[in-house]
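The values are calculated or read from the model by the stated rules, or taken from the named source; none is laboratory data. Only a predicted model underlies this, so the values are computations on that prediction, with no experimental measurement involved. FYI the Cβ positions are ideal-geometry reconstructions off the backbone, even for glycines, and counts take in every protein chain you see. These accessible areas exclude ligands, DNA and RNA; they are computed on the full protein's heavy atoms, side chains included. Shrake-Rupley method; radii C 1.70, N 1.55, O 1.52, S 1.80 Å.
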Amino acid sequence: NTINNVMPAATGFYSLTVTNAYLAPTYQQTLTCSATAQMSAAVVPVAPLAVTPFFTLCQNSNLALTAAAVGATSYSWASSTVPQFTSTLQNPQINNVAPIQSGDYSVTAYYTSPSTTLVCTSTAVTNVSVVPRNPVTPFSSANVCQFTSGTFSASALGASGYQWFGPNGFNSTNQVNTITNIQPVSGGNYSVNAIFTIGTVSCTTTSY
């Protein structure tokens with residue numbers, strides 16, 4: 001016999017009776033004999049394992065992995081891209097994450113029962129994307145004469161965009177900027193944000 005998709009309610013004792021019918025030639029009588037045996041079966045409960053399927057966060061943030069499974073007795077985490085990362089905590093945290101730590105993180109939940117030494121498992125995977133925040137380096141023509149042109153630009157590895165702010169209400173999303181016929185009101189400090197994006201999550205670094 002096979003019980004498909006067995007559930008914990010099937011735990012218990014099962015008995016088997018074997019019956020043999022024998023026709024005795026002397027008495028022309030059918031004799032029926034039987035033998036019975038018992039066995040026990042334990043079904044370890046295994047619950048679905050829930051995780052946060054996707055994380056997208058900025059470099060230097062803290063990554064809080066979470067897992068939940070009803071009845072699990074222990075957990076084990078591992079990473080496909082960070083071999084040195086392992087954890088037996090249900091909800092481990094990785095501080096100050098870097099882009100190299102992006103990738104799949106798998107968790108295994110373990111289930112046991114006092115009725116048996118059998119250990120059952122369920123697994124789940126969460127994907128982590130770490131948005132880089134590389135340094136941004138500004139360049140400028142520094143001091144210039146009135147009525148000439150002032151040029152400044154910025155560079156950051158992997159940046160998807162830039163945002164500039166400066167005196168006299170100046171703002172720009174250009175990587176390279178030129179102010180023609182420049183006036184004294186344009187003198188002062190300029191700041192630039194380099195923007196790094198994965199999906200809908202954007203992160204920035206700033207320089208002056």
Considering only residues of the stretch 127-149 that are crowded, with 17+ Cβ neighbours inside 10 Å and assigned to a strand (DSSP E or B), which is nearest to the chain's Cα centre (by Cα)? 128
Looking at (1) under 15 Å from residue 105 (Cβ atoms); (2) without any contact (Cβ under 8 Å) to a residue 40 or more places away in the chain; (3) open to solvent by less than 70 Å² (accessible area, probe 1.4 Å), find the lone condition where residue 50 falls short. (2)
If you take the residues in the stretch 94-114 that are assigned to a loop (DSSP other than H, G, I, E, B) and not small (Gly, Ala, Ser), which one is least open to solvent (accessible area, probe 1.4 Å)? 97
Residue in the stretch 71-93 that is most open to solvent (accessible area, probe 1.4 Å), counting only those that are at pLDDT 95 or above and of a type in the set (A, V, I, L, M): 89
Could you say whether any residue in the stretch 115-126 is surrounded by fewer than 17 Cβ atoms within 10 Å (Cβ to Cβ), under 23 Å from residue 197 (Cα atoms) and either out of contact with any Asp or Glu (no Cβ under 6 Å at 6 or more places or on another chain) or among the small types (Gly, Ala, Ser) (or both)? no
Search result, residues across the stretch 53-70 that are aromatic (Phe, Trp, Tyr) and open to solvent by 60 Å² or more (accessible area, probe 1.4 Å): 54
Here the residues within the stretch 1-37 that are assigned to a loop (DSSP other than H, G, I, E, B), under 30 Å from residue 111 (Cα atoms), open to solvent by 100 Å² or more (accessible area, probe 1.4 Å) and not aliphatic (A, V, I, L, M) are 1, 2, 4, 5
So which residues in the stretch 195-208 are over 17 Å from residue 98 (Cα atoms) and either aliphatic (A, V, I, L, M) or in a strand (DSSP E or B) (or both)? 206, 207
So how many residues does the stretch 119-154 have that are within 23 Å of residue 97 (Cα to Cα) and among the hydroxyl-bearing types (Ser, Thr, Tyr)? 3
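To keep it simple, each residue is scored yes or no on (1) among the polar types (S, T, N, Q); (2) touching a residue at least 60 places away in the same chain (Cβ under 8 Å); (3) in contact with a Ser or Thr (Cβ under 7 Å, 6 or more places away or on another chain).
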{"site": "95", "(1), (2), (3)": "yes, no, no"}
{"site": "109", "(1), (2), (3)": "no, yes, yes"}
{"site": "121", "(1), (2), (3)": "yes, yes, yes"}
{"site": "129", "(1), (2), (3)": "yes, yes, yes"}
{"site": "146", "(1), (2), (3)": "yes, no, no"}
{"site": "157", "(1), (2), (3)": "no, no, no"}
Flag for residue 121 being hydroxyl-bearing (Ser, Thr, Tyr) and either part of a loop (DSSP other than H, G, I, E, B) or at pLDDT below 95 (or both): no
So, residue 68, is that one under 18 Å from residue 120 (Cα atoms), at pLDDT below 95 and of a type in the set (A, V, I, L, M) or not? no
